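The structure under discussion appears below in the form of structure tokens.
The values are calculated or read from the model by the stated rules, or taken from the named source; none is laboratory data. Quantities reported herein were computed from a predicted structural model and do not represent experimental measurements. In this analysis, Cβ positions are derived from the backbone assuming ideal geometry, glycine residues included, and neighbour counts consider all displayed protein chains.
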Amino acid sequence: MAEGFRIARAAGVLTLLNPGPYRPLDDALLALVDVLTPNETEARQLAGLAPDDDTPLDLVARRLRDRGVGTVLVTRGADGVLAATTDGVFAVPGFPVRAVDVTGAGDSFNAALAVALARGRALRAALVEANAAGALAVTRDGVVPALPTRAQLTEFLRARGADG
């Protein structure tokens with residue numbers, strides 16, 4: 001995996017890593033990651049803490065940035081995402097929905113985030129789209145069948161008056 005990240009870095013390509021399920025990652029790899037997207041439990045473990053440690057998430061995210069990651073996005077399910085960047089820490093709220101199956105939420109979030117960033121969206125706007133995609137995904141059963149289309153995502157955001 002590290003070689004792929006080295007090649008991407010050398011080519012000037014933005015790198016995104018969803019580190020789930022948790023496994024230890026060394027600092028050499030983390031230094032090649034532009035955007036890391038762990039959930040709360042994975043973030044704590046990557047920061048060397050117990051999964052149920054009560055250290056505030058902003059400190060956990062900063063600890064991961066200190067290991068070399070460019071931007072840390074801690075996904076928090078229905079509560080949205082906490083972002084730690086070079087400019088500081090901020091939260092982007094989630095979208096309340098009735099969850100049916102949470103299996104594909106992270107996949108949907110990460111796919112929408114990657115697409116939004118590739119389209120040149122600013123980070124906050126990309127996170128709104130990613131949160132919406134994750135929310136939409138949990139309203140249906142399965143993973144692939146639950147992934148929203150661009151039209152579904154656009155309609156979801158429009159109906160909620162959100163920028164997307």
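Considering only residues in the stretch 94-140 that are in a helix (DSSP H, G or I) and not hydrophobic (A, V, I, L, M, F, W, C), the one that is nearest to residue 35 (Cα to Cα) turns out to be 110. Residues that are out of contact with any Pro (no Cβ under 8 Å at 6 or more places or on another chain), in a loop (DSSP other than H, G, I, E, B) and not polar (S, T, N, Q) within the stretch 35-65 comprise 47, 48, 49, 50, 51, 52, 53, 54, 56, listed in sequence order. Taking residues in the stretch 60-81 that are within 16 Å of residue 126 (Cβ to Cβ), and partners anywhere that are among the acidic types (Asp, Glu), the pairs with Cβ atoms closer than 7 Å and at least 6 places apart or on different chains are 70/34; 71/34; 74/40.
To keep it simple, each residue is scored yes or no on (1) among the small types (Gly, Ala, Ser); (2) in the same structural domain as residue 127 (by TED's automatic domain parsing); (3) surrounded by 15 or more Cβ atoms within 10 Å (Cβ to Cβ); (4) within 29 Å of residue 160 (Cα to Cα).
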site	(1), (2), (3), (4)
7	no, no, no, no
13	no, no, no, no
42	no, no, yes, no
66	no, no, no, no
70	yes, no, yes, no
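Against the list (1) of a type in the set (A, V, I, L, M); (2) farther than 26 Å from residue 14 by Cβ; (3) not in a helix (DSSP H, G or I), the condition residue 91 fails is (2).
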